[in-house]
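Trainee: Pasting a structure here, questions to come.
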Amino acid sequence: MNILIIGSGGREHTLAWKISQSSKCEKLYAIPGNLGIAEVAECIEGISINDNSAVIDFAKSHEIGLVVIGPEAPLVNGLVDDLTAAGIKAFGPTKAAAQIEGSKIFAKNLMKKYNIPTATYEIFDDVNKACRYIKAAGTPIVVKADGLAAGKGVIVAQTVDEAINAVFEVMEQKSFGEAGSRIVIEEFMDGEEASVLAFTDGKTIIPMVPSQDHKRVNDGDKGLNTGGMGAYAPAPIMTEEILKKAEDKILKPTIAAMSKEGINYKGCLYAGLMIVNGEPKVVEFNARFGDPETQVVLPLLENDLVDIMLACIEENLDTQKIEWSSDSAVCIVLASGGYPQNYKKGFEIDGINKAKALGNLIFHAGTAKAGNKIVTNGGRVLGVVARADNIKSAVDKAYKGVEVIHFDNMHFRKDIAYRAL
Ligand code: AMP
Ligand code: GLY
């Protein structure tokens, strides 16, 4: 069948790389795709991923049998609903189901109602009440914009002043627009984080190999929060026992809770977890694959990904036997210096082929073509991914790949996977 991928980041490049290996995949397209995706798919310019009818027109005219949606915005915008109504199979949750990411209030209320472990919280639509609550509760405390804020709507405040400033920025100065008209203020959870992505058809939910992201920009988890500076899988913090708890207390109950609310959640459910004294608690849910987590999870998947995606859509995931390599995978993100704040674009990148020759996978996130050169075109530029039979060798192999790649102002963390070593 012809398959269409929606999105343009490292996650979508990884999806395209894996899907292109499927025996079911005849022709692969991406809207808009990127330079790396163009190695395995035809990239289509000029169609907005938020214009559902334009995407449907394209899918119809190109006889697309499956659409795979990478980012959250089109999911929250009902692309899956509209494709399904047009008779086109789409992998990802519906608009109603994607609320689990699109509204933190929806997610928190669902967890409270169904006793799914998470930080205790209160909801506010009034600045003064929020400030009074913060003064009474004390710090550290976490302030979250309700809606989508491109991963930036969360402030972990160490002081009362910081928390109150966050409330003003989010609610009054509207730094995330309408996403911040309501906020969640929640308990700070002290523990180690892990990401568990899971395939689900709304009845069965099967976790993927657990991974860990590195959100802070600098070594030692210092500096600003980013979209993710690197990842590795499997994450040893998720022991068999803790993963079992996450399945029994979080993943299965969440799908069942959605179902009780009349919502059939199909696609990938991403549970961002905090492990506190051996107990997993939910930090957040995402309605999609994580980035960079996908860059280390999918390279370890032994199955044909298209078979699993179709089983999710057709609600027979219980018939799939999903198998994982016993290898480890590591992803080092090469970013533009200055990211996640201001950075320059347009620097020539060299060494990509040298890194590939060393056996690394190179996933593109923010690259562009300038004449016959490849140049930087975003904050996160490339993901350098290595697989090996143990985490230490995978780390070494990934950093050998990083060594041969160069662009001006290149920034990367030198301690990816340090918790596993
Ligand atoms: P989120 O966008 O909800 O994943 O939040 C971004 C980051 O903020 C998370 O990855 C955590 O590192 C941190 N965070 C969010 N909520 C909490 C919490 N309740 N306690 C501690 N850290 C948190
Ligand atoms: N790596 C975090 C995310 O995808 O939201």
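The values are calculated or read from the model by the stated rules, or taken from the named source; none is laboratory data. Everything quoted here is computed from the prediction, not taken from an experiment. Note that each Cβ is placed from the backbone with ideal geometry, even for glycine, and that neighbours are counted across all protein chains shown. Remember, those area values only see protein heavy atoms, side chains included, never the ligands or the DNA or RNA. Shrake-Rupley method; radii C 1.70, N 1.55, O 1.52, S 1.80 Å.
Trainee: Quick one: which residue in Glu187, Glu193, Glu169, Glu162 is open to solvent by 20 Å² or more (accessible area, probe 1.4 Å), within 16 Å of ligand 2 (Cβ to nearest atom), acidic (Asp, Glu) and within 24 Å of Arg216 (Cα to Cα)?
Mentor: Of the residues listed, the single one that is open to solvent by 20 Å² or more (accessible area, probe 1.4 Å), within 16 Å of ligand 2 (Cβ to nearest atom), acidic (Asp, Glu) and within 24 Å of Arg216 (Cα to Cα) is Glu193.
Trainee: Has segment 392-402 got at least one residue that is among the polar types (S, T, N, Q), at pLDDT 95 or above, open to solvent by 40 Å² or more (accessible area, probe 1.4 Å) and touching a Gly at 6+ places or on another chain (Cβ under 8 Å)?
Mentor: No, segment 392-402 contains no residue that is among the polar types (S, T, N, Q), at pLDDT 95 or above, open to solvent by 40 Å² or more (accessible area, probe 1.4 Å) and touching a Gly at 6+ places or on another chain (Cβ under 8 Å).
Trainee: Using the structure shown, decide if Asn342 is among the polar types (S, T, N, Q), part of a loop (DSSP other than H, G, I, E, B) and farther than 30 Å from Leu4 by Cβ. First the steps, then the outcome.
Mentor: Values: among the polar types (S, T, N, Q): yes; part of a loop (DSSP other than H, G, I, E, B): yes; farther than 30 Å from Leu4 by Cβ: yes.
Against the criterion (among the polar types (S, T, N, Q), part of a loop (DSSP other than H, G, I, E, B) and farther than 30 Å from Leu4 by Cβ), Asn342 qualifies.
Trainee: For Val68, all conditions in the list (1) crowded, with 20+ Cβ neighbours inside 10 Å; (2) outside any strand (DSSP E or B); (3) under 17 Å from the mean Cα position of the chain (by Cα) hold save one; what is the number of the exception?
Mentor: (2)
Trainee: Can you confirm whether Gly383 is in a loop (DSSP other than H, G, I, E, B) and either in contact with a Lys or Arg (Cβ under 8 Å, 6 or more places away or on another chain) or surrounded by 15 or more Cβ atoms within 10 Å (Cβ to Cβ) (or both)?
Mentor: Details: in a loop (DSSP other than H, G, I, E, B): no; either in contact with a Lys or Arg (Cβ under 8 Å, 6 or more places away or on another chain) or surrounded by 15 or more Cβ atoms within 10 Å (Cβ to Cβ) (or both): yes.
The answer is no for Gly383.
Trainee: Just one of Ser61, Ser48 is more than 30 Å from Ile263 (Cα to Cα), at pLDDT 95 or above, open to solvent by 20 Å² or more (accessible area, probe 1.4 Å) and of a type outside the set (Lys, Arg); which is it? First the steps, then the outcome.
Mentor: Numbers: Ser48 fails: more than 30 Å from Ile263 (Cα to Cα).
Going through Ser61, Ser48 in turn, just one is more than 30 Å from Ile263 (Cα to Cα), at pLDDT 95 or above, open to solvent by 20 Å² or more (accessible area, probe 1.4 Å) and of a type outside the set (Lys, Arg): Ser61.
Trainee: Restricting to segment 267-306, what's the tally of residues that are open to solvent by 30 Å² or more (accessible area, probe 1.4 Å) and either free of Cβ contacts under 8 Å to residues at least 12 places away in the same chain or among the polar types (S, T, N, Q) (or both)?
Mentor: Adding up the residues that qualify gives 1.
Trainee: Still on this structure, please answer the following. Which residue, of Gly138, Gly92, is closer than 28 Å to Met274 by Cβ and under 24 Å from the mean Cα position of the chain (by Cα)?
Mentor: Gly92
Trainee: Scanning for something within 22 Å of Arg11 (Cα to Cα), surrounded by fewer than 19 Cβ atoms within 10 Å (Cβ to Cβ) and within 16 Å of ligand 1 (Cβ to nearest atom), does segment 222-243 turn up at least one residue?
Mentor: yes
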